[in-house]
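The values are calculated or read from the model by the stated rules, or taken from the named source; none is laboratory data. All values reported here derive from a predicted model rather than from experimental measurement. Here the Cβ positions follow ideal geometry from the backbone for every residue, glycine too, while neighbour counts run over all protein chains shown. All accessible areas refer to the heavy atoms of the entire protein, side chains included, with ligands and DNA or RNA removed. Shrake-Rupley method; radii C 1.70, N 1.55, O 1.52, S 1.80 Å.
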Amino acid sequence: SSVTKLWLHQNKLDYGSIPKGWSGLKRLSDIHLDNLKGSFPLILQDWPSIQDVNFGNSQLQGEIPDSFCKSRTIQEFHVYNNALSGPLPECLCQMRNITVFDAANNQLSGSLPSCIGNMTFLFEIHLSTNRLSGGIPSSISSLGFLQTLDISYNQFSGELPTALNNVGSMQDFIINDNIFNTAITGLDAFFNRLGATISVYGGSCKMFNNRWKCPIPSYVLNSCNATCT
């Protein structure tokens, strides 16, 4: 088939799962579907040219399977507003072409893969409103293009890694409503750069509703609303 884009979202179609016959869409690069139900579609690996996947606002359940990582051509991946659970697949770090990863508003658990720094083309990470825990991996220093990190409304804890000083493109740093419970230290370069970026291009910093230890360094932007105990 010569179909390259398939946008059927914002309709009232109730197809449940993707028809098996669509596996023949070998040139498909862009698919937007909502109202999907059941487990994560395995058909992705049948589309060798797929780049943009949007299954947001569906009713997908269960884990994101390791077979997802066979789709190495994916650049944008959106599964926000579903009921996906379990950990992020460790093989996610092999998806080096991904620029946007959006799995906000699900029931994902576990931690961010320590190898996330391998995904060097990431521009945006949206993981808010899940059940994720652990810390921010120090390998984030390798994400030189990262502009948005939104991990709000989870259970992340520990220290903010000084590796953030090496992330030069951050524009939206959104980590509010977690359980970060340490002092903020050694991050003056990161916050100075973030403040300069926000002043020129816009953006946001949200760090409220955590358990930061006092004192909050003067270089932390007032707009971050990082209060301490």
* Structure fact -> Shape call for region 26-94, from the Cα gyration tensor axes a ≥ b ≥ c (a/c under 1.5 means rounded, otherwise prolate when a/b beats b/c, else oblate), comes out oblate
* Among rounded, prolate and oblate, which fits region 84-229 when a ≥ b ≥ c are the square roots of the eigenvalues of its C-alpha gyration tensor, a/c under 1.5 means rounded, and a/b larger than b/c means prolate? -> oblate
* With each run of n ≥ 4 DSSP H residues scored as -39500 (n - 2.57), what mean residue ellipticity at 222 nm is computed for the chain after dividing by its residue count and rounding to the nearest 500 deg cm²/dmol? -> -2000 deg cm²/dmol
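Tally Lys and Arg at +1 and Asp and Glu at -1 over the other residues with C-beta under 13 Å from the C-beta of Ala103: what net charge comes out? If you can, show how the numbers build up before the last one.
Details: positive: Arg131; negative: Glu63, Glu76, Asp102, Glu124, Asp150.
Neighbourhood net charge equals -4.
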* Estimated vicinal HN-Hα couplings, Hz - region 209-219 in sequence order (Karplus 6.51, -1.76, 1.60; Gly, Pro = x) -> 6, 10, 10, 4, 7, 6, x, 7, x, 5, 6
* To do: May I ask you to list the residues of region 113-144 whose amide nitrogen lies under 19 Å from a point 7 Å from Cα along the Cα→beta-carbon direction of Ser157?
  => 113-114, 129-138
* Could you tally the net charge around Trp212, taking each other residue with its Cβ under 14 Å from the Cβ of Trp212, Lys/Arg +1 and Asp/Glu -1? => +1
* Using 7 Å Cα-to-Cβ label points, what is the Ser114/Asn222 separation (nm, one decimal)? -> 4.1
* Count the net charge of all other residues whose Cβ sits under 15 Å from the Cβ of Phe68, scoring Lys and Arg as +1 and Asp and Glu as -1. => -4
* Would you tell me the accessible area of Val167, worked out with a 1.4 angstrom probe on the heavy atoms of the protein chains, in Å² to the nearest 10? => 0
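Computing the accessible area with a 1.4 Å probe over protein heavy atoms, can you report the carbon and sulfur percentage for the chain?
Working: 4900 of 10400 Å².
Roughly 47 percent, rounded to a whole number.
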